1. How much net charge surrounds residue 100 when only other residues with a Cβ under 15 Å from its Cβ are counted (Lys, Arg +1; Asp, Glu -1)?
2. How large are Rg and Dmax for region 76-122 when only the alpha carbon atoms are used, in Å?
3. Multiply the residue separation of residue 98 and residue 67 by 0.36 nm, subtract the distance between their alpha-carbon atoms, and state the gained length in nm to one decimal.
Amino acid sequence: MSSIVKMQVRNSDLEALPASSPQPVTVLAEESATPSDHTLLDLLATLSTRNGIVVVQHGARLAVVGELLVAMLTHLPVEMRAGIVESFRDRIEDLMSLSDDRSLPEQYHSALLTEVNRYLNALQ
């Protein structure tokens, strides 16, 4: 079995990419069967940087969607909001029951409940 590491690293790869065009980092390292520690560290640093950019972009998209939802909820007729609250609470209970079988970090549960309360407050 060949031990070729395929990766391509360019400075342009570190630019923020739109969500619709994710590009894998690939480098073709055929010169050496085992890449040097320096090469692996550079690739790890590149991967870490790109991952950080993607996480920040995802956070920005979620923030926009969240603000849109709050804006929409506050414009709903009061009569409609009670039914939405009931349905939303039921759906959140179902969602939380799915995580009962999995060990998720406290940060997940904290973020989930923070967002739930945000939307419940918008519906009041």
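1. With Lys, Arg at +1 and Asp, Glu at -1, the net is -3.
2. 12.5, 39
3. Length gained, residue 98 through residue 67: 8.6 nm.
Here, each number is a calculation from the coordinates, and none is a lab measurement. Just so you know, these numbers come straight off a predicted model, no measurement behind them. So basically every Cβ, Gly included, is an ideal-geometry build from the backbone, and we count neighbours across all protein chains shown.
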